[in-house]
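These notes are about the structure you will find just below.
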Amino acid sequence: MRYAVRALGWATKIFWIMIIVFSVTSVYSVLNLKMGFGQPQIFLSDEEATISIPLFINNTGLYDLSELNITADVMDYNGSSVAASTTFVPLIPKGSNIETLHNISISLDEITSKAQTYLFNDTTFNVDISVKLNFASAIPFQVSMNMTIPWGAPLYNLSIGQFSYNYINLTHVEVITPISFENHSPYFSVEGLMQVEIYNDNDNGERLGLGVSDLNVPSHYGYDGQVEMIVDISKITGSGEVRFYFETSVFSFGPVVVPYG
Amino acid sequence: MVEKVQTKSFARKFAPRIIKAALLVVITYLPLYFLSTFIEPFQSFFPWYGSLTNIFAAVFIVFLVVGVFTSGTIYQYVFGVARGLVSMIFFIYVLNGGIVALAVPIEGMGINIMIDLRVILAMLVLVCLLGIGKNVVQAIDFVSAKVEMEEL
């Protein structure tokens, strides 16, 4: 009986020592783990845009890290996925330094089909990020976060005002078209060119004239300008549509059709 | 005269136990104190921990002291078993069954952290069970030795 008691006593002591040593060395290892992200780079192909974020992990701890899985999912206002990404690193041995890339792929078809929404309407994107890893092959660890990123429309409330006319001669008139919008985007300025075309409401929609204006609208500023164009008086019908084409440093988009009259 | 002798023998009997109990209380309380100090900066994330640890420390120390004062009787092992059970329940409760989940709000973002400590919990429960087993075996040994003594 005494041997059994002694054996149980030793077993208890050994287990306590194991638990304490493992706990202390685990905390030490976690404190010595360095993880960070580098400067993102953007790569474009025919079908998708890829944002590549360098990820470095310096495991100077005493235990291996395994099954590192980083996922990010960007969803738009109605819950449909805009971008998804996964990075899996099977093993980060102790004392090693790993550098990898976390690639976020954005389908250009998806973006183009929804461009009208993103250019003219403020919205929000939901971003779900999850990082999972297995510490020392014994302690699975997971961090997940949910962020809401506000999206400000760069061409918010694009509208045309009342046309004004300067008669040049009996056949032609200068049409002045007031145009306004607000750049709600917190991320970029709208810099580039805006081409404006006016069409009448004849059967074929005949083009009356064309004008171009420079754009330089910083974030959170409004644009209030005008475009002048010479138009043949005989073709003016009093109603029709104005078509806008935008060629900026960030996006190219058109035509945007705004009816008048 | 008789009273003096009785007091002396009482003091001789209990003085070492009091010293032993005091030492054990200090040895037991120190790790809990350091653990509380270490966890204090993160206490806002799990506020239940502080009060729970204090309750556990109080119960554990009571069982420890009573166990020391009842040494040489069967109650020593009874309190040893109780101590093991309390420890086991405390570990299971404080580690939330092995899955520790925390919600940390940082700059308006909700960050959820989940740590699977089932391996550590299993080891802790095993240690507690070994302690309980040891006390049970010791109790059986004690009773059988007492019966043998009485038979002799």
Revision key, fill the gap. Between the modelled labels at A:Ile98 and A:Tyr245 (7 Å from Cα along Cα→Cβ) the distance in nm is 5.0
Practice item. Pop out the carbon and sulfur fraction of the accessible area of chain B as a percent, whole number, probe 1.4 Å. Key: 73
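Could you work out [θ]222 nm for the protein assembly as shown from helices alone, using -39500 (n - 2.57) per DSSP H run of at least four and dividing by all its residues? Round to the nearest 500 deg cm²/dmol. Don't skip to the answer; put the middle values down first.
Details: 7 runs with 156 residues, N = 413.
Result for the protein assembly as shown: -13000 deg cm²/dmol, rounded to the nearest 500.
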Exercise for review: First measure r as the distance between the Cβ atoms of A:Phe88 and A:Thr124, then evaluate 1/(1 + (r/R0)^6) with R0 = 35 Å and state the FRET efficiency to the nearest 0.05.
Suggested key: 0.75
Revision key, fill the gap. Phi-derived 3J(HN,Hα) across the range A:136-151 with the Karplus relation (6.51, -1.76, 1.60, θ = phi - 60°), rounded Hz, x for Gly and Pro, is 6, 6, 9, 10, x, 9, 9, 10, 10, 9, 10, 10, 10, 9, x, 10
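Return the ratio Rg/(2.2 N^0.38 Å) for the protein assembly as shown, where Rg is computed over Cα atoms only.
Relative to the 2.2 N^0.38 Å estimate, the protein assembly as shown comes out at 1.75.
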**Study point:** Drop in accessible area of at least 10 Å² in the complex versus isolated chain, residues of the range A:125-168, 1.4 Å probe
**Key:** A:Ala138, A:Ile139, A:Pro140, A:Phe141, A:Gln142, A:Val143, A:Ser144, A:Met145, A:Asn146, A:Met147
Exercise for review: For A:Val250, list long-range residues whose amide hydrogen, built 1.01 Å from N in the peptide plane, is under 5 Å from its own amide hydrogen.
Suggested key: A:Glu191
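Just the number, please: buried accessible area between A and B, total of both chains, 1.4 angstrom probe, nearest 100 square angstrom. Spell out each step's value before the answer.
Values: alone 15620 and 10870 Å², together 24280 Å².
Between A and B, the summed buried area is about 2200 Å².
With the cut-off at 21 Å, tell me which of the pairs A:Lys13/B:Lys146; A:Lys13/B:Lys20; A:Lys13/B:Lys13; B:Lys13/B:Lys134 have Cα atoms farther apart than that. Don't skip to the answer; put the middle values down first.
Values: A:Lys13/B:Lys146 28 Å; A:Lys13/B:Lys20 19 Å; A:Lys13/B:Lys13 29 Å; B:Lys13/B:Lys134 26 Å.
Too far apart for the 21 Å limit: A:Lys13/B:Lys146; A:Lys13/B:Lys13; B:Lys13/B:Lys134.
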Check your understanding: Toward the positive end of the charge dipole of the protein assembly as shown, about the Cα centre and with charges on Cβ (Lys, Arg +1; Asp, Glu -1), which of B:Phe90, B:Gln43, A:Leu55 goes farthest?
Key -> B:Phe90
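With +1 assigned to the C-beta of every Lys and Arg and -1 to the C-beta of every Asp and Glu, and no other charges, what is the dipole magnitude of the range B:104-152 about the Cα centre in debye, to the nearest 20?
180
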Point to revise | Interface residues, the range A:6-20 - accessible area loss of 40 Å² or more versus chain alone, probe 1.4 Å | key: A:Leu8, A:Thr12, A:Phe15, A:Trp16, A:Ile19
Exercise for review: With a 1.4 Å probe and every protein chain left in place, tell me how much accessible area B:Lys13 has, in Å² to the nearest 10.
Suggested key: 120
Revision key, fill the gap. Amide H neighbours of A:Val82 at under 5 Å, excluding residues fewer than 5 places away on the same chain, with H built from the backbone geometry, are A:Val74, A:Met75, A:Asp76
Review point. In whole percent, how big is the carbon plus sulfur part of the accessible area of chain A, probe 1.4 Å, protein atoms only?
Key: 56
Review point. Against the longest alpha carbon principal axis of chain A, how many degrees, from 0 to 90 and to the nearest 10, is the axis of helix A:2-31 turned?
Key: 30
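Taking the Cα centre of the protein assembly as shown as origin, work out the dipole magnitude from +1 charges on Lys and Arg Cβ and -1 charges on Asp and Glu Cβ, in debye rounded to 20. Mind dumping the intermediate values first?
Working: 20 positive and 33 negative charges, 947 e Å.
Taking the Cα centre of the protein assembly as shown as origin, the dipole is about 4540 debye.
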Point to revise | Per residue accessible area in Å² of chain A, where ligands, DNA and RNA are left out and the probe is 1.4 Å | key: 56
Point to revise | Simple Cβ-charge dipole of the range A:156-260, Lys/Arg +1 and Asp/Glu -1, about Cα centre, in debye nearest 20 | key: 60
Practice item. Could you list which residues have their amide H under 5 Å from that of A:Tyr260, counting only those 5 or more apart in sequence or on another chain, with H placed in the peptide plane? Key: A:Gly240, A:Glu241, A:Val242
Revision key, fill the gap. Projecting the Cα atoms of A:Phe135, A:Val196, A:His220 onto the charge dipole of the range A:102-237, where Lys and Arg contribute +1 and Asp and Glu -1 at Cβ, the residue farthest towards the positive end is A:Phe135
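If we sort A:73-84, B:95-106 on the protection proxy, mean other Cβ atoms within 10 Å, highest first, what's the order?
Values: A:73-84: 14.4, B:95-106: 12.7.
Descending packing order for the listed peptides: A:73-84, B:95-106.
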Check your understanding: Using a Förster distance of 25 Å, how high is the FRET efficiency between A:Arg207 and A:Lys114, based on the Cβ-Cβ distance and rounded to 0.05?
Key -> 0.30
**Study point:** Interface residues, the range B:123-140 - accessible area loss of 50 Å² or more versus chain alone, probe 1.4 Å
**Key:** B:Met123, B:Val127, B:Leu130, B:Lys134, B:Val137
**Study point:** Label-point separation, A:Ser234 to A:Thr25 (7 Å along Cα→Cβ), nm
**Key:** 9.5
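If you count only protein heavy atoms with a 1.4 Å probe, what accessible area per residue comes out for the range B:2-151, rounded to a whole Å²?
Values: 9390 Å² over 150 residues.
Per residue, the range B:2-151 has 63 Å² of solvent-accessible surface.
The values are calculated or read from the model by the stated rules, or taken from the named source; none is laboratory data. Remember, it's a predicted structure, so these values are computed and weren't measured experimentally. All Cβ positions, even for glycine, are placed from backbone atoms using ideal geometry, and neighbour counts span all protein chains on display. The area values use the complete protein model at the heavy-atom level, side chains included, leaving out ligands, DNA and RNA. Shrake-Rupley method; radii C 1.70, N 1.55, O 1.52, S 1.80 Å.
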